[in-house]
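Input: a single structure, listed below in structure tokens.
The values are calculated or read from the model by the stated rules, or taken from the named source; none is laboratory data. Here the structure is a predicted model, which means the values were calculated and not measured. Backbone-built Cβ (ideal geometry, glycine too); neighbour counts: all protein chains shown. Note: areas computed on protein heavy atoms with side chains; ligands, DNA, RNA excluded. Shrake-Rupley method; radii C 1.70, N 1.55, O 1.52, S 1.80 Å.
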Amino acid sequence: MNRGEQLAVLSGAATEQWGLVTAAQAKRLGLNAVQLLRLTEAGLTENVSRGVYLVTAAGMPTGLEAKAAWLRLQPKEFAWDRPAGHPDSGVLSHATACQLHELGDIPAPEVDITVPRRRTTTEPFVRLRTAALDKQEITIVDGLPTTTVDRTITDLLRAKADGGHVGRVIADAERRGMISLDDLAEAVSPYNRRYGLSAAADGRDLIEHLVSQAGQSLLRHDMDRASQQGFNEAVNRMQAHVAKNISALQEHVLPRTGLHAGLDEALAQVVSHTNLAKTMDEVLSQAALNHTSLAKRMQEIIRTPPVMDELLQRMSQTPPALTEIVSGPAASAHLFQSMFHSAAALQQYSSLPPATRSALERAAAAGASRRGPGAAAHPGADQELAAGPDEPHQPDEDETRKQPEQ
């Protein structure tokens with residue numbers, strides 16, 4: 001094979017191995033040591049680790065030390081022939097697994113590889129750890145078989161790694177949603193005493209202890225704090241909103257729809273008005289409109305504070321001026337009675353608050369009792385009150401003749 005063919009053969013295999021190929025693999029592909037050396041001298045390959053070469057056109061891969069160490073563990077076998085969990089295939093673990101998962105800042109001066117049976121190595125920067133791993137404890141990270149995050153954390157605790165470093169790994173993994181705190185708590189609980197916790201402590205206590213040592217906080221706690229802060233802000237905003245509505249009610253709504261001042265002023269004009277019934281109808285209509293407008297306004301406030309309840313209670317009471325006016329002159333009682341027998345007046349009268357209606361009825365009854373002999377000044381008034389709803393009063397012939405001509 002010429003040099004171009006040699007490079008093509010190496011590149012085909014290196015493409016599936018992060019641009020790397022071992023000397024033993026190159027020999028399987030038909031290249032001898034001299035040919036491999038010539039390619040390196042020409043700058044087409046680079047010796048990046050003992051017995052491991054990089055096809056320069058592929059570019060330098062990340063995690064080079066871990067990938068080269070894993071390839072050297074079975075130098076003749078290609079990566080695609082090493083299924084995860086193979087008895088002779090190692091799994092990247094401990095601090096090296098943290099680097100591959102990009103968790104924490106734990107130092108990794110050596111490449112940690114867990115193997116299923118005891119093995120030795122002459123590599124100065126490779127540490128082989130013997131442990132049996134279930135398939136559920138192995139995942140693939142950047143093409144490399146790697147211990148899962150949960151298994152990595154328990155391996156660190158078993159190896160008595162620095163608590164602050166482990167806490168940082170836990171905090172990063174929890175923030176990225178790579179672990180379940182409930183599952184992890186159960187797995188780490190056997191190591192409580194090793195990190196200075198009492199026998200009564202549980203796995204969650206250890207997790208929080210380690211995270212605190214790292215000067216970190218769990219996302220769950222951050223969310224709890226954020227939720228509490230958001231709730232407090234929402235309460236403050238609601239209180240400000242209610243206070244604003246109360247202020248607007250006192251400043252803008254009451255001056256326009258205030259029943260007390262509006263009724264007192266209107267009833268004061270009624271006394272001097274020539275057409276009392278018509279004026280009272282207007283007063284009652286305005287009162288009904290005001291009452292409806294105020295009710296609609298109050299519906300906008302989600303929660304009525306006590307001060308608003310007190311304000312509405314005072315507003316629902318009969319204004320003193322109204323009671324005084326309608327219970328004063330005896331002659332006004334008859335006009336009130338005549339007014340309430342009209343359909344329009346009854347409609348307006350029914351929309352008043354119960355306290356106001358009761359005051360008007362008491363005033364009318366009191367005025368009628370005080371008229372006495374003067375009742376003749378208003379002919380037919382007593383008869384109209386006495387008539388039932390099914391037997392309306394019919395004026396007799398004498399009463400008809402007594403009425404003035406229109």
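The figures follow:
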quantity	calculated
Estimated vicinal HN-Hα couplings, Hz - the range 54-68 in sequence order (Karplus 6.51, -1.76, 1.60; Gly, Pro = x)	10, 6, 4, 5, 7, x, 6, x, 6, x, 4, 4, 5, 6, 5
Per-peptide average of other Cβ atoms within 10 Å, ordering 71-79, 151-159, 204-212 highest first	151-159, 204-212, 71-79
Total charge dipole magnitude, the range 1-97, about the Cα centre, Cβ charges on Lys, Arg, Asp, Glu only, Debye to nearest 20	180
Protection-proxy order for peptides 177-183, 4-10, each taking the mean of Cβ atoms within 10 Å per residue, highest first	4-10, 177-183
Probe 1.4 Å, protein heavy atoms only - accessible area per residue of the range 1-68 in square angstrom	51
Semi-axis lengths, Å, the range 60-134, gyration tensor of Cα atoms, sqrt of 5 times eigenvalues	19, 14, 13
Accessible area of the range 100-172 belonging to carbon and sulfur atoms, whole % at 1.4 Å probe	46
Simple spin-label estimate for THR62 and LEU37 in nanometres, 7 Å along Cα-Cβ	3.7
